[in-house]
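Colleague: Structure below; questions to follow.
The values are calculated or read from the model by the stated rules, or taken from the named source; none is laboratory data. Computed from a prediction, not measured in an experiment: that's the story for all the values here. Note: ideal-geometry Cβ built from the backbone for every residue, glycine included; neighbour counts use all protein chains shown. When the accessible area is computed, the model is the full protein with side chains, heavy atoms only, and any ligands, DNA or RNA have been set aside. Shrake-Rupley method; radii C 1.70, N 1.55, O 1.52, S 1.80 Å.
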Amino acid sequence: MPTWKIAYFSGVGGRPQIMLDNAPDDLDITVVNPALSDAEKIELCRDADALITSDLSVDVLRECPNVKMIQTLSAGYDRLDLEAILEMGIPVANNGGANAISVSEQTLALMIGISRNLMAQWDSTTRQRAWRSNLYQTDLSEVTDKTVGIIGLGRIGRQVAKRLTGFDTHTIYYDIEDIPEDVQREVKAEPVGFDELLETSDIVTLHVPLTRRTRGMMSDREFGMMKSSAFLINLCRGPVVDEAALYRALTEGQIAGAGLDVLEVEPTPAENPLFDLDNVIITPHMAGQSQETALRAAHFAYGNILRVLSGGEAESLVTPE
């Protein structure tokens, strides 16, 4: 017999069937379609003890007096009014790094893809049916032995650094938090200042949450400091990068290319000028998606919710900037 009711917003991460199949017997799961009106959401969530969502109106939450926590299935929480929710005394937790492996693997895929210009090779061979046509004129490079700068050495950044050890890179990082020395040694990453990272890295990869501090942190000044041969990789949140400044940097030769899984506006307009550039690879914010991620996220979310509802402390709590 279920003890607590959980409202799961099915369109904001995870996979509904995985979430339902792995729900503990203690929890009664109500699936909520995020496209419903606020009134319809309130009707479904009014007696919920916890919510699984990363996108929720505070107006809805105020009509749900039993909610004791909000759990996201994603690392990001920028669509939640965190300050207002915390003022209501409701803790918010993210996914505890459930997507870190998936995002780190796609980070490496984009690093390799843009370095080897794989999309041009694919297009020439598969689409144009032209074997090696003009490809000898294409600049190709290797990730091995390069200096890779990681901005944000949290759960995802650490997984990226860990995987880079197999490429014998010189891995440096910048983070506003103090990273324990044993973690630095484990992932073979050296702390440096923000400007030094930009000036010396062959590849800059972003792994920070979207906050007031990080919004637009990569703009004209920052691209102007990077090597003209350097690549930018972004798999965190689109607004961390000033997209107009990135376009200028890519078209004016300030940087060599970019691999992006996120954009300022999503879904991005079809006329986004970045689509027309040969030195950019864009994927549709799918880096965190995998069967394994969904399963890890489900187990972590349910375990964290049960911990709180049983009177314990939540793990992976998020706090305002």
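Colleague: Using only the heavy atoms of the protein chains and a 1.4 Å probe, how would 10, 228 rank by accessible area, largest first?
Modeller: Ranking 10, 228 by accessible area, largest first, yields 228, 10.
Colleague: As a test of the formula, what do you get for the chain when each DSSP H run with n ≥ 4 contributes -39,500 (n - 2.57) and the sum is divided by the residue count, at 222 nm and rounded to the nearest 500 deg cm²/dmol? Intermediate values should be presented prior to the final figure.
Modeller: Numbers: 12 runs with 103 residues, N = 321.
Computed ellipticity for the chain at 222 nm equals -9000 deg cm²/dmol.
Colleague: Sort 243, 142 from largest to smallest accessible area, using a 1.4 Å probe on the heavy atoms of the protein chains.
Modeller: Ranked list, largest accessible area first: 142, 243.
Colleague: Next question, about the same structure. Starting from the Cα gyration tensor of the stretch 1-137, take the square roots of the eigenvalues, sort them a ≥ b ≥ c, and report rounded, prolate or oblate (rounded when a/c is under 1.5, otherwise prolate if a/b is larger than b/c, else oblate). Don't jump to the answer; show the numbers that get you there.
Modeller: Values: a/c = 2.93, a/b = 2.66, b/c = 1.10.
It is prolate, given that a/c is not under 1.5 and a/b is the larger ratio.
Colleague: What's the center-to-center distance, using Cα atoms, between the stretch 131-209 and the stretch 220-277 in Å?
Modeller: Here the answer is 17 Å between Cα centres.
Colleague: So, one more: Would you calculate the separation in nanometres between label points at residue 81 and residue 17, each defined as 7 Å from the Cα along the Cα-to-beta-carbon direction?
Modeller: 3.7 nm
Colleague: Can you compute 3J(HN,Hα) from phi for each residue in the stretch 215-220, using the Karplus curve 6.51 cos²θ - 1.76 cosθ + 1.60 with θ = phi - 60°, rounded to whole Hz and x for Gly and Pro?
Modeller: Each residue's phi maps through the Karplus curve to give 4, x, 5, 10, 9, 4 Hz.
Colleague: Here is a further query. Any idea what Rg and Dmax come out to for the stretch 196-272 if you just take the C-alpha atoms, in Å?
Modeller: Gyration radius and largest Cα-Cα distance of the stretch 196-272: 11.7, 36 Å.
Colleague: I would also like to ask the following. Using the Karplus curve 6.51 cos²θ - 1.76 cosθ + 1.60 with θ = phi - 60°, what ³J(HN,Hα) values do you get for each residue of the stretch 75-83, in whole Hz, with x for Gly and Pro?
Modeller: 6, x, 9, 6, 8, 9, 7, 4, 4
Colleague: Quick one: how many lysine pairs does the chain have with C-alpha atoms less than 19 Å apart and a gap of 8 or more or different chains? Give me the count, please.
Modeller: 7
Colleague: Ok, one more. For helix 291-309, report the angle its Cα long axis makes with the longest principal axis of the Cα atoms of the chain; keep it between 0 and 90° and round to the nearest 10°.
Modeller: With rounding to tens, the tilt is 40 degrees.
Colleague: Find the Cα radius of gyration of the chain, compare it with 2.2 N^0.38 Å by division, and give the number to two decimals.
Modeller: 1.08
Colleague: Mind checking the dipole of the stretch 103-163: about its Cα centre, +1 per Lys or Arg Cβ, -1 per Asp or Glu Cβ, Debye to the nearest 20?
Modeller: 200 debye
Colleague: Rounded to a whole number, what % of the accessible area of the stretch 221-261 do carbon and sulfur atoms account for, probe 1.4 Å?
Modeller: Summing carbon and sulfur atoms, their accessible area is 46 percent of the total for the stretch 221-261.
Colleague: I've got another one for you. Over 10 Å intervals from 0, what percent of Cα-Cα pairs in the stretch 214-321 sits in each interval?
Modeller: Calculated P(r), rounded to whole percents: 13, 34, 24, 18, 9, 1.
Colleague: Further, regarding this structure: Could you tell me the largest-minus-smallest coordinate of the C-alpha atoms of the stretch 241-292 on each of the three principal axes, in descending order and whole angstroms?
Modeller: Per principal axis, max minus min of the Cα coordinates gives 40, 21, 18 Å.
Colleague: With both bridge residues required to lie in the chain, what share of the DSSP beta bridges run antiparallel, to the nearest 5%?
Modeller: 5 percent
Colleague: What residues have an amide H closer than 5 Å to that of residue 28, excluding those fewer than 5 places away on the same chain, when H is modeled at 1.01 Å from N in the peptide plane?
Modeller: The answer is 3, 4, 5, 6.
Colleague: Springs between alpha-carbon pairs under 10 angstrom, Gaussian network model over the chain: which of 134, 279, 234 fluctuates most?
Modeller: Residue with maximal mean-square fluctuation among 134, 279, 234: 134.
Colleague: Mind listing the phi-derived Karplus ³J(HN,Hα) values for the stretch 144-156, rounded to whole Hz, using 6.51, -1.76 and 1.60 with θ = phi - 60°, and x for any glycine or proline?
Modeller: Those phi angles translate into 4, 6, 7, 8, 10, x, 9, 9, x, 9, x, 4, 6 Hz.
Colleague: Give me, ordered by chain and number, the residues 5 or more places off residue 52 or on other chains with an amide H under 5 Å from its own placed amide H.
Modeller: The list, which skips near neighbours in sequence, is 7, 8, 9, 71.
Colleague: By the gyration tensor of its Cα atoms, with a ≥ b ≥ c the square roots of the eigenvalues, what is the shape of the stretch 141-221: rounded for a/c under 1.5, prolate for a/b over b/c, or oblate?
Modeller: oblate
Colleague: Moving on. If you average 1/r over all unlike Cα pairs in the stretch 72-161 and invert the result, what Kirkwood radius do you get in angstrom?
Modeller: About 16.5 Å for the stretch 72-161.
Colleague: Given a 10 angstrom Cα cut-off, can you work out which residue in 295, 250, 86 is the most mobile in a GNM of the chain?
Modeller: Comparing 295, 250, 86 in the GNM, the peak value goes to 86.
Colleague: Roughly how many Å² of residue 283 are accessible to a 1.4 Å probe, to the nearest 10?
Modeller: Counting only protein heavy atoms, residue 283 exposes about 40 Å² to solvent.
Colleague: Please work out whether the stretch 146-282 counts as rounded, prolate or oblate from its C-alpha gyration tensor, where a ≥ b ≥ c are the square roots of the eigenvalues and a/c under 1.5 means rounded, while otherwise a/b larger than b/c means prolate and anything else oblate?
Modeller: Prolate, because a/c is 1.5 or more and a/b exceeds b/c.
Colleague: Ordering 129, 213 by accessible area with a probe of 1.4 Å, largest first, what comes out?
Modeller: My answer, sorted largest first, is 129, 213.
Colleague: While we're looking at this one, here's another question. Size of the stretch 52-98 along its principal axes in angstrom, Cα-based, largest extent first?
Modeller: Reported extents, whole Å, longest axis first: 30, 18, 15.
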